[in-house]
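Trainee: First the structure, which I've put down as structure tokens, then a few questions once you've had a look.
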Protein chains: 2
Amino acid sequence: MNGRPPRRPSAYGAAGVDIDAQERALGGIKELVRSTATPGVLSELGSFGGLFRPALAGYREPVLVSSADGVGTKLVVARMARDYSTVGRDLVNHCVNDILVQGAKPLFFLDYVGAGVLEEEVMVQLVGGVAAGCRENGCALLGGETAEMPGFYQPHDYELVGFIVGVVDRPLLVDGSRVTAGDQLIGLPSAGLHTNGYSLARRALFEIAGLDLDSRLEGDPRTLREVLLTPHLSYLGALAPVLADPGLHALAHVTGGGLTDNLPRVLPRGLSARIERGSWRVPLEFLAIQRWAEVADHEMYRVFNMGIGMVAVVAPDASERLLEKIAAAGVGAVAIIGSVATGCEPVVYA
Amino acid sequence: MNGRPPRRPSAYGAAGVDIDAQERALGGIKELVRSTATPGVLSELGSFGGLFRPALAGYREPVLVSSADGVGTKLVVARMARDYSTVGRDLVNHCVNDILVQGAKPLFFLDYVGAGVLEEEVMVQLVGGVAAGCRENGCALLGGETAEMPGFYQPHDYELVGFIVGVVDRPLLVDGSRVTAGDQLIGLPSAGLHTNGYSLARRALFEIAGLDLDSRLEGDPRTLREVLLTPHLSYLGALAPVLADPGLHALAHVTGGGLTDNLPRVLPRGLSARIERGSWRVPLEFLAIQRWAEVADHEMYRVFNMGIGMVAVVAPDASERLLEKIAAAGVGAVAIIGSVATGCEPVVYA
């Protein structure tokens, strides 16, 4: 007996797992992973752990910042559309934003793909999207895991999970501790639903309204396929130039929980965010979902980002300067969407 | 409208997602997470990213080592047994071993739980297991994500994914580059299947043999429930004392792919691992699976660990000393299971 057995018949194959097919799919992925390499990467794909040497010269007290996330039931839309090429970028950008709010820049990323049967072309779409997102954020795709789990996942269903590690110098940690009454809220536009609220969106648009992926919402030239698969934006490019600005007091990434639950995560107790709802244009898709599913306003703002993907809490005397700097990065209609006041309600909508 | 809306009725609840129930489950988890805190942890659960300040004094060139993993269809056994208390430890120990083979010790861990409906008691079992595993390995549970994905996961199905970051000083990196012909292979016993081969194991034991979780294999007093849910061992305690020993040339974690695919990952080209199959006792469960599913020997050694969970490749003049040191940690019957020779077949079984 030796290490290169005849390939068939295979009892494991009969149980639904094809190790050789997994290895072929992995081969197609190696090049994608290599395309994301940054100077810190010391390992090749295939080693047990990924090796990364952070460049810490100049840091007074390096702090690692890490986050885990998924794409939620946006994956169901990807399956419906038979297009898994966009969700990888969603995942990376979501994770990048989650550590960016504490002032951290990404070092490396790892992904996990779970499926009943791993199809090579889907794997390449998934990991291709992850790799593109990593390249765009200057982040190395250091490793990952693919798991074939027959009997657990339905055929053609794919789970996608990501983990990110970044670094921030402790004196530059953005933690909300300097937020005070009078601070202004700068809202950065989202590109749509990003990765939250898809269970409700699917119910409203597909089940209640009876629309499909080729349908268009009135006033929007895009198909629902495009609307619902538009990737989550990364705010790294827009915010990196202002992370060290003393006028920047806090950042909140608007994900599950909406403005309602995410802004309080960075507000000191006794302060209240007052949101001026007329200060930005809520994208059409949110209004359509609300109308079809008859969702109350307060719930819309707790499930969806409503068009604001990131909020910067800034000192009043810095707001104009910071708004201009952020807008210069071209993320769209950046606006003052409210302010901070004393109060017991963490978020109040006007 | 304000940030504390009436709790019902909820359109999102009708779509299958209960944000409040998620938050209650999260409350029960906070204490578990806190129990794993190590001196490097700077953040509380609930911040966007977890903050970790590594203690790098004394390191010449710190290298971060990272790995992502899942538990595979061992989760199906957990569902059958209605017992999710053990798979968290599986996950942590698997990840700890994956970075240990490069000489790294764990710093922190993040988990991801995906489910159709998050049940609080299951979440506490899952995260309780993860937290216990983290404490046992001196690793902080720095954060995680729970995703409720109705329509994607079947009710009572839970996906569990983990991600670890550790550190090694570059001069102490264990990378297999010093492996030469004549090196000895020290095998460390597994506790059973660990987390690999469950699709084939379930097919053999439940579908073909018609056994159930209360069945016992001849000669084994344990029920299959116990056999199949025995956690993956961590080898950190056994190997930490020898990681800096110059006689230690390589480590291979025996996971999916078995000895056949995992040993070659750390062998320089042109060298061949010769495994003496009579040198350890293959646990009964592997023999039962092989018999029921009529699995060829070569496939058994590529799907299962066959009783060897970790292999240390050591210099011949260090083998006795290292074997004694490793055995002293009490992981069971540590043995020389083979040696390294020149040859083109990466693994040869005798």
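Trainee: Among the residues that make up region B:1-13, is at least one of them modelled with pLDDT under 95, in contact with a helix residue (DSSP H, G or I) (Cβ under 9 Å, 6 or more places away or on another chain) and aliphatic (A, V, I, L, M)?
Mentor: Scanning region B:1-13 turns up at least one residue that is modelled with pLDDT under 95, in contact with a helix residue (DSSP H, G or I) (Cβ under 9 Å, 6 or more places away or on another chain) and aliphatic (A, V, I, L, M).
Trainee: On to the next question. Tell me, yes or no, whether region B:159-169 has at least one residue that is at pLDDT 95 or above, aromatic (Phe, Trp, Tyr) and farther than 23 Å from B:Gly307 by Cα.
Mentor: The answer is yes, given that some residue of region B:159-169 is at pLDDT 95 or above, aromatic (Phe, Trp, Tyr) and farther than 23 Å from B:Gly307 by Cα.
Trainee: Condition first: out of contact with any Phe, Trp or Tyr (no Cβ under 6 Å at 6 or more places or on another chain), in a loop (DSSP other than H, G, I, E, B) and not polar (S, T, N, Q). Now tell me which residues in region B:57-90 satisfy that.
Mentor: B:Ala57, B:Gly58, B:Tyr59, B:Arg60, B:Glu61, B:Val71, B:Arg82, B:Asp83, B:Tyr84
Trainee: If I go through region A:61-86 residue by residue, how many of them are out of contact with any His (no Cβ under 9 Å at 6 or more places or on another chain), farther than 24 Å from A:Val266 by Cα and more than 7 Å from every other protein chain (Cβ to nearest Cβ)?
Mentor: 8
Trainee: Here's something else I'd like to know. Can you give me the number of residues within region B:279-299 that are assigned to a helix (DSSP H, G or I), over 22 Å from B:Arg225 (Cβ atoms) and of a type outside the set (Gly, Ala, Ser)?
Mentor: Final tally of qualifying residues: 3.
Trainee: Then there's this: Just give me the residues in region A:149-163 being surrounded by 21 or more Cβ atoms within 10 Å (Cβ to Cβ) and either on the phi > 0 side of the Ramachandran plot or more than 8 Å from every other protein chain (Cβ to nearest Cβ) (or both), in sequence order.
Mentor: Within region A:149-163, A:Tyr153, A:Tyr158, A:Leu160, A:Gly162 qualify.
Trainee: Before we move on, is B:Thr146 part of a strand (DSSP E or B) and farther than 30 Å from B:Leu284 by Cα?
Mentor: In short, yes.
For (1) among the aliphatic types (A, V, I, L, M); (2) within 14 Å of chain A (Cβ to nearest Cβ), each residue gets a yes or a no:
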position: B:Ala191; (1), (2): yes, no
position: B:Ile208; (1), (2): yes, yes
position: B:Leu211; (1), (2): yes, no
position: B:Leu217; (1), (2): yes, no
position: B:Arg222; (1), (2): no, no
position: B:Glu226; (1), (2): no, no
position: B:Tyr235; (1), (2): no, yes
position: B:Gly247; (1), (2): no, no
position: B:Leu251; (1), (2): yes, yes
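Trainee: Output the number of residues of region B:277-286 satisfying the condition of being closer than 15 Å to B:Gly258 by Cα and of a type outside the set (Phe, Trp, Tyr).
Mentor: 3
Trainee: Do we have any residue at all in region B:304-324 that's crowded, with 22+ Cβ neighbours inside 10 Å, in contact (Cβ under 8 Å) with a residue 40 or more places away in the chain and either hydroxyl-bearing (Ser, Thr, Tyr) or in a helix (DSSP H, G or I) (or both)?
Mentor: So far as region B:304-324 goes, no, none of its residues is crowded, with 22+ Cβ neighbours inside 10 Å, in contact (Cβ under 8 Å) with a residue 40 or more places away in the chain and either hydroxyl-bearing (Ser, Thr, Tyr) or in a helix (DSSP H, G or I) (or both).
Trainee: For region B:169-178, check the following and say yes or no: at least one residue is in a strand (DSSP E or B), at negative phi and surrounded by fewer than 24 Cβ atoms within 10 Å (Cβ to Cβ).
Mentor: Checked against the condition, which is being in a strand (DSSP E or B), at negative phi and surrounded by fewer than 24 Cβ atoms within 10 Å (Cβ to Cβ), region B:169-178 yields at least one hit.
Trainee: List the number of the failed condition for B:Asn137; all other conditions in (1) of a type in the set (S, T, N, Q); (2) farther than 26 Å from A:Tyr158 by Cα; (3) in contact with a Phe, Trp or Tyr (Cβ under 8 Å, 6 or more places away or on another chain) hold.
Mentor: Among (1) of a type in the set (S, T, N, Q); (2) farther than 26 Å from A:Tyr158 by Cα; (3) in contact with a Phe, Trp or Tyr (Cβ under 8 Å, 6 or more places away or on another chain), the lone unmet condition for B:Asn137 is (3).
Trainee: On to the next question. Can you tell which of A:Val331, A:Val282, A:Val295 is outside the structural domain of A:Val130 (by TED's automatic domain parsing), β-branched (Val, Ile, Thr) and modelled with pLDDT under 95?
Mentor: A:Val331
Trainee: Among (1) touching a helix residue (DSSP H, G or I) at 6+ places or on another chain (Cβ under 8 Å); (2) more than 20 Å from B:Ala244 (Cβ to Cβ); (3) in a strand (DSSP E or B), where does B:Leu200 come up short?
Mentor: (3)
Trainee: Can you tell me how many residues within region A:133-148 are away from chain B (no Cβ under 14 Å) and farther than 16 Å from A:Val71 by Cα?
Mentor: Residues meeting the conditions: 4.
The values are calculated or read from the model by the stated rules, or taken from the named source; none is laboratory data. Note that the structure is a prediction, hence the values are computed from the model and not measured. Cβ: placed from backbone, ideal geometry, glycine included. Neighbour counts: every protein chain shown.
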